[in-house]
Amino acid sequence: MIQDYINYLLNIRGYSSHTANSYRKDLEHFTHWMQKNIEGARWSTITRDIIDQYVTAQAQQGLAPATTNRRLSAISGLYNYMKRQGYEVENPCRFESRRKQAQTVPNTIPVADLKRAYEQAGGVTKVMIGLLSTTGIRIQELLDLNYEDIDFEENSIRVSGKGKKERIVYTTASMLDTLRAVRTYYGASGKIFTIDQRQARYMIWQALKAVSNARQLSPHAIRHTVATNMATHGANVTTIAQILGHKRIETTQRYIDMTQANVKQACQQYSLF
């Protein structure tokens, strides 16, 4: 059943292999826990009480609420899939089972550090950092780009996001000049990048590590930085959501909330009285 669901996520929903593999690992974790702790358990016999036992066990092991909630989302998704396939099951993952999470501040990288990393990097690494920093796209979206997706006249890029949903983002003319210098594009077609996500992440990490002491040095931290910078300079939540390809506006709202917190901090820190 798990493999059928993973195939559905990959082939129908258009999830990346990285995301689908994360779902697989979460579901396999729950399966192993069931086999060890619930005698004769089957997907059709899992109850809300069993889910609550699973949640309690993870809390006792010291797992972060976010990890537990992510696993519950994977389980819930599988049950919804089974119901759509005609199986007579009920989704046992009630909302009340979710563990409360502290409001986290997205990890960002100082803009000055990003600029230094871009200036000092060379070749493909420079292009990747530049495109991520000017567009805020995800690392897999970057690696999926074809030459045909770039409009060099409009400085625009057609991005295929989660669920194969397309959107248009914009970069700068100077960034595309960098791409021209590094990659031959005249008459080119197909993939711009010929490396996998693991290689790309390591190359980007190396470039950022050379210039920054930020807590997280990853493509997603660059994405957080782009969004936070937009919010700080007045971009509204709807615009940011469209640029980032967020399905839920609540996902984007935290960037607005964070900038408001920064305003409060600045007012208190620099108060005259």
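The values are calculated or read from the model by the stated rules, or taken from the named source; none is laboratory data. Nothing here was measured: the structure is a model prediction, and the numbers come from that model. Cβ coordinates were reconstructed from backbone atoms using ideal geometry, including for glycine residues, and neighbour counts include every protein chain displayed.
Structure values in brief
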item: Single unsatisfied condition, Glu148 versus (1) surrounded by 20 or more Cβ atoms within 10 Å (Cβ to Cβ); (2) out of contact with any helix residue (DSSP H, G or I) (no Cβ under 8 Å at 6 or more places or on another chain); result: (1)
item: Failed condition for Lys164, given (1) touching a residue at least 40 places away in the same chain (Cβ under 8 Å); (2) within 26 Å of Ser212 (Cβ to Cβ); result: (2)
item: Filter pass, Thr67 being free of Cβ contacts under 8 Å to residues at least 24 places away in the same chain and farther than 30 Å from Gln197 by Cβ; result: no
item: Unique residue being assigned to a loop (DSSP other than H, G, I, E, B), surrounded by 12 or more Cβ atoms within 10 Å (Cβ to Cβ) and in contact with a Leu (Cβ under 9 Å, 6 or more places away or on another chain) when the list is Val159, Val211; result: Val211
item: Test result for Arg116, in contact (Cβ under 8 Å) with a residue 60 or more places away in the chain, touching a His at 6+ places or on another chain (Cβ under 8 Å), assigned by TED's automatic domain parsing to the domain that holds Thr194 and not aromatic (Phe, Trp, Tyr); result: no
item: Residue check for Asp151: without any contact (Cβ under 8 Å) to a residue 12 or more places away in the chain and farther than 14 Å from Arg223 by Cα; result: yes
item: So Ile51, is it within 27 Å of the chain's Cα centre (by Cα), more than 26 Å from His220 (Cβ to Cβ) and touching a residue at least 12 places away in the same chain (Cβ under 8 Å); result: yes
